[in-house]
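One structure is given here, and the rest of the page talks about it.
The values are calculated or read from the model by the stated rules, or taken from the named source; none is laboratory data. Every value quoted in this text rests on a predicted model; they were computed, and no experiment measured them. Ideal geometry is used to build each Cβ from the backbone, glycine not excepted, and the neighbour counts take in all protein chains shown.
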């Protein structure tokens, strides 16, 4: 019985408190999966980047682009992102604008409404380039807005530039 319970509930220590996460609703759809791999770089701490996108192709592509210079975590839903952010606050979130259940615009609004997370920088990744979508995104004041149609090296360069400008 304990194994069955542990299969559906996950216990994590957050800010010194034990938190139980109910996975029962999301068990089959794997909405709560968080993929993270630590990379060490001669003792230098890499900036943490959280990629939130429902497309595994996009998540893996971004990870392949960034893993040498950044500590990259991947999630496929807003719910997984909230869990990940609560456990380990990232230095930057790359957020898909259009996702099922809860979209990137809604997630950014949630982040901005929580004092603890309001300062986390967010760059949107999207296929939407129409003026109305751009206007809505810009009104939320993200740090950036990148088209998924950009060349991979251009996406990497823009993220590198973001961190370089932040350090300056």
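Just so you know, in region 141-168 the residues that are free of Cβ contacts under 8 Å to residues at least 60 places away in the same chain and surrounded by 15 or more Cβ atoms within 10 Å (Cβ to Cβ) include one that is farthest from residue 113 (Cα to Cα), and it is 146. Taking region 65-96 as the range and being outside any loop (DSSP other than H, G, I, E, B) and within 18 Å of residue 44 (Cα to Cα) as the test, the residues that pass are 66, 71, 72, 73, 92. Quick check on residue 83: is it assigned by TED's automatic domain parsing to the domain that holds residue 153, closer than 23 Å to residue 110 by Cα and modelled with pLDDT of 95 or more? No: the conditions fail for residue 83.
Residues considered: 73, 77. Of these, the only one that is over 24 Å from residue 165 (Cβ atoms) and in contact (Cβ under 8 Å) with a residue 24 or more places away in the chain is 77. Taking region 59-77 as the search range and keeping residues that are over 17 Å from residue 121 (Cβ atoms) and touching a strand residue (DSSP E or B) at 6+ places or on another chain (Cβ under 7 Å), which one is surrounded by the most Cβ atoms within 10 Å (Cβ to Cβ)? Filtering first and then ranking leaves 74. Residue 30 - would you say it is in contact with a strand residue (DSSP E or B) (Cβ under 6 Å, 6 or more places away or on another chain) and either at pLDDT below 95 or surrounded by 11 or more Cβ atoms within 10 Å (Cβ to Cβ) (or both)? So residue 30 does not fit the description; no. Selection over region 102-124 of residues that are under 14 Å from residue 55 (Cα atoms), in a loop (DSSP other than H, G, I, E, B) and in contact (Cβ under 8 Å) with a residue 40 or more places away in the chain gives a count of 0.
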